[in-house]
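K.L.:
Take this structure, written in structure tokens, and hold onto it; I'll ask about it next.
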Amino acid sequence: MAQQSVDGVIVTVGDWFAKLPALPANWREGLVKIIPWIAIIFGVLGVVLSIASFGILASLSPLVAMGGGLGAVASGPLAAVFLFVSSLLLVLAYKGTKDRRYAGWRFLFFSEVVSLGSAVVFFSVGGIFWGLVSFYLLFQIRSYYK
């Protein structure tokens with residue numbers, strides 16, 4: 001049941017982006033070749049940075065709270081959680097995207113869902129813009145993954 005609803009969401013979002021102009025075939029091929037490497041590089045960096053940020057935030061949060069920055073104390077760990085989950089999904093996408101399996105593409109999709117969710121929560125206009133661009137690119141290459 002859950003599998004069908006997840007696939008329904010992917011189909012619905014795909015329908016929104018299907019109306020946009022298609023990229024040239026050689027661009028799509030190039031994206032499919034470099035996506036696994038982008039996923040593993042940014043995934044590992046994101047996981048390491050999010051873990052480091054938890055430590056930094058834990059050590060600095062008492063000082064920030066004493067200074068009256070309670071909003072920063074609350075939003076910092078939330079941002080680190082978003083980064084960790086999104087990056088972990090990128091790491092999980094590496095093997096599947098390298099083998100051109102649909103499961104790898106789905107990990108990329110969910111990583112972008114988390115990233116876009118983070119941009120919405122933190123009111124990042126740039127993050128929302130790049131999230132939409134990323135979805136466009138993802139749906140341009142979806143047919144390469146079986």
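K.L.:
Leaving out ligands, DNA and RNA, what percent of the accessible area of the chain is carbon and sulfur, probe 1.4 Å?
P.N.:
76
K.L.:
Total Lys pairs in the stretch 13-146 closer than 18 Å by alpha-carbon, pairs eight or more apart in sequence or interchain only?
P.N.:
5
K.L.:
Now a separate question. Once label points are set 7 Å from the Cα along Cα→Cβ at both T12 and A52, what is their separation, rounded to one decimal in nm?
P.N.:
3.9
K.L.:
Now, a different point. Could you tell me which label, among (1) 48, 35, 28; (2) 55, 34, 27; (3) 57, 44, 24, carries the value of Cα extents along the principal axes in Å calculated for this structure?
P.N.:
Computed from the coordinates, Cα extents along the principal axes in Å corresponds to (2).
K.L.:
By how many degrees, 0 to 90 and rounded to 10, does the Cα axis of helix 25-66 deviate from the longest principal axis of the chain?
P.N.:
Value to nearest ten degrees: 10.
K.L.:
Continuing with this model, one more query. If I take every Cα pair under 8 Å that is 6 or more residues apart in the stretch 34-146, average their sequence separation and divide by the length, what percent do I get for the relative contact order?
P.N.:
27
K.L.:
Using only the Cα atoms of the stretch 82-146, construct the convex hull and provide its projected area averaged over every direction, in square nanometres to one decimal.
P.N.:
So the Cα hull casts an average projection of 3.8 nm².
K.L.:
Let me ask another. Accessible area per residue for the chain in Å², computed with a 1.4 Å probe and the full protein assembly in place, what is it?
P.N.:
On a per-residue basis, the chain sits at 59 Å².
K.L.:
Moving on. Suppose the chain between V125 and L63 were pulled fully straight at 0.36 nm per residue; how much longer would it get relative to their current alpha carbon spacing?
P.N.:
Numbers: separation 62, 0.36 × 62 = 22.32 nm, distance 2.94 nm.
Contour length minus the Cα-Cα distance gives 19.4 nm.
K.L.:
Which value in deg cm²/dmol, rounded to the nearest 500, describes the helix-derived mean residue ellipticity at 222 nm for the chain, given -39,500 (n - 2.57) per DSSP H run of n ≥ 4 and division by the residue count?
P.N.:
Mean residue ellipticity, 222 nm, calculated: -30500 deg cm²/dmol.
The values are calculated or read from the model by the stated rules, or taken from the named source; none is laboratory data. Keep in mind that this is a model prediction, so the values were computed, not measured. Neighbour counts are summed over all protein chains in view; Cβ atoms, including those assigned to glycine, are modelled from backbone coordinates with ideal geometry. Accessible surface is based on the protein model in full, side chains and every heavy atom, while ligands, DNA and RNA are left aside. Shrake-Rupley method; radii C 1.70, N 1.55, O 1.52, S 1.80 Å.
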